[in-house]
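One structure is given below, encoded as structure tokens.
The values are calculated or read from the model by the stated rules, or taken from the named source; none is laboratory data. Given the structure is predicted, the values throughout are model-derived calculations rather than measurements. Cβ atoms come from the backbone with ideal geometry, glycine included; neighbour counts cover every protein chain shown. SASA here: full protein model, heavy atoms, side chains in, ligands and nucleic acids out. Shrake-Rupley method; radii C 1.70, N 1.55, O 1.52, S 1.80 Å.
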Amino acid sequence: MALSREQIAQRVAQELKDGYYVNLGIGIPTLIANYIPKGIEVMLQSENGLLGMGQFPTIDEIDADLINAGKQTVTMASGASIFDSAESFAMIRGGHVDLTVLGAFEVDVNGNIASYMIPGKLIKGMGGAMDLVAGADNIIVTMTHASKHGVSKLLAQCTLPLTGKGCIKKVLTDLAFIEIREGKFHLIERAPGVTVEEIIKLTEGELVINGDIPEMRF
Amino acid sequence: MAGFDKVVSSYEEAMAGLNDDMTVIAGGFGLCGIPENLIAEIKRKGTKGLTLVSNNCGVDDFGLGVLLPNRQIKKIVASYVGENAEFERQMMAGELEVELTPQGTLAEKMRAGGAGIPAFFTATGVGTPVAEGKEERTFNGRDYILEEALVGDFAIVKAWKADRYGNLVFRKTARNFNPLAATAGKMTVVEVEEIVEVGELDPDQIHTPGIYVNRIIQGTFEKRIEQRTTRPSDQYETKGE
């Protein structure tokens, strides 16, 4: 079975390490905050100017001056700091963030990512995504493997305008955990109950399968 | 006004000198920390042909979005513009010019503009539509593009507190682009929740020194919330508004 949004978040959360500063994009990545493994400390960076994002406020705690990059009301964790947008992107561009997780429309075998624009249909803007993919070394993209109509989003070459070039090395879809190396996708894990054949069928770019591919564990 | 006292008493006075076809840099992220009353004053004045530089463009009836119905904005430089139906209509119809700019690049363009740096190299946007027409250079084996700084005829800023000399303190994530915008205006106008006497703000805690600020006005604020998300107790829960 394909992973749910929550399961995708849960699997990515396994990649968190103690002491990591992490930027979580809007959508599925935001859910990862719910699955931080017990016994480790992680600090969440929100690019609008908050390091140490806490949970959502109770109704009494709501503060219009305290939001995250998704414009949701939030709280501050103990030890949080606040700064302006240039400082925030100094952290991001300067490579100080340990892990970035963000969504995408398409990813290709050369590590290109398209996530911000569908010409003629959707022009909302890149927000901080271009800075995040340019600045981070450790990026995980979360996305669905294919469209509802079965059209692959893991391509030989992205068709949409790029958010970043040659910057993606890890992709977690609802079907598989994939690494990108040497111009190819490498299948690392598959979602429980999903066969290698199903993944091959829905992956347009060249996919390397080395030996038995383990199922993800939760 | 005398000496360093920058306090003005009306919004009309605060935005005096703003004329058609000028460039205005605005602080704020989403609807958080936006200079909502200064924007309302631009609407009232009816200034047209403006180039707006702001991370976002408000929503249909609040923030910079209120300048759209009367076509006061000619061009907007922003990183994310997705919350606004009239905006989308004008953009698709070619009535509004939009220069999508990565958020970090936008912040740095303001910072550089205010700091006298005409341009800077960044890896953000290399190999994407953002790089089109821009000079590219390689440093230590990595490609970068040249981005030019931004300076506004006006900068409009929202701060929490100011003293009469224009020293500013921001509150929580309402800081965002505001301190950067404050440095990048030829005429920087700041609206605040509270004006205090000179000497009341701790010099160690001032976010923006008064040298960047030309006019200060005290206002009252709606502070609209875009996504009211709450938790019931100790659990995460999302409630869209």
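Remarks
- Subset of the stretch A:137-164 that is charged (D, E, K, R) and farther than 22 Å from A:Asp98 by Cβ - its residue that is surrounded by the fewest Cβ atoms within 10 Å (Cβ to Cβ): A:Lys148
- Candidates B:Gly116, B:Gly125 - the one that is open to solvent by 10 Å² or more (accessible area, probe 1.4 Å) and of a type in the set (Gly, Ala, Ser): B:Gly116
A quick yes/no check of all residues on (1) open to solvent by less than 10 Å² (accessible area, probe 1.4 Å); (2) of a type in the set (A, V, I, L, M, F, W, C); (3) closer than 22 Å to B:Glu193 by Cβ:
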site	(1), (2), (3)
B:Glu13	no, no, yes
B:Ala40	no, yes, yes
B:Leu52	yes, yes, no
B:Cys57	yes, yes, no
B:Gly65	yes, no, no
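- Residue match in the stretch A:82-100 (condition: facing chain B (nearest Cβ under 7 Å) and among the polar types (S, T, N, Q)): yes
- When the residues of the stretch A:165-183 are filtered to those that are surrounded by fewer than 18 Cβ atoms within 10 Å (Cβ to Cβ) and touching a residue at least 12 places away in the same chain (Cβ under 8 Å), the one that is nearest to the other protein chains (Cβ to nearest Cβ) is A:Gly166.
- When residues of the stretch B:1-55 are limited to those that are aliphatic (A, V, I, L, M) and more than 17 Å from the chain's Cα centre (by Cα), the one nearest to B:Ala155 (Cα to Cα): B:Ala16
- Condition met for B:Lys48 (open to solvent by 10 Å² or more (accessible area, probe 1.4 Å), outside any helix (DSSP H, G or I) and not β-branched (Val, Ile, Thr)): yes
- Scan of the stretch B:80-108 for residues that are in contact with a Phe, Trp or Tyr (Cβ under 8 Å, 6 or more places away or on another chain) and over 15 Å from B:Asn56 (Cα atoms), ordered by number: B:Glu108
- For the stretch A:46-66, the set of residues classified as open to solvent by 10 Å² or more (accessible area, probe 1.4 Å), within 7 Å of chain B (Cβ to nearest Cβ) and either outside any loop (DSSP other than H, G, I, E, B) or under 23 Å from A:Gly19 (Cα atoms) (or both) consists of A:Glu47, A:Gln55, A:Phe56, A:Ile59, listed by residue number.
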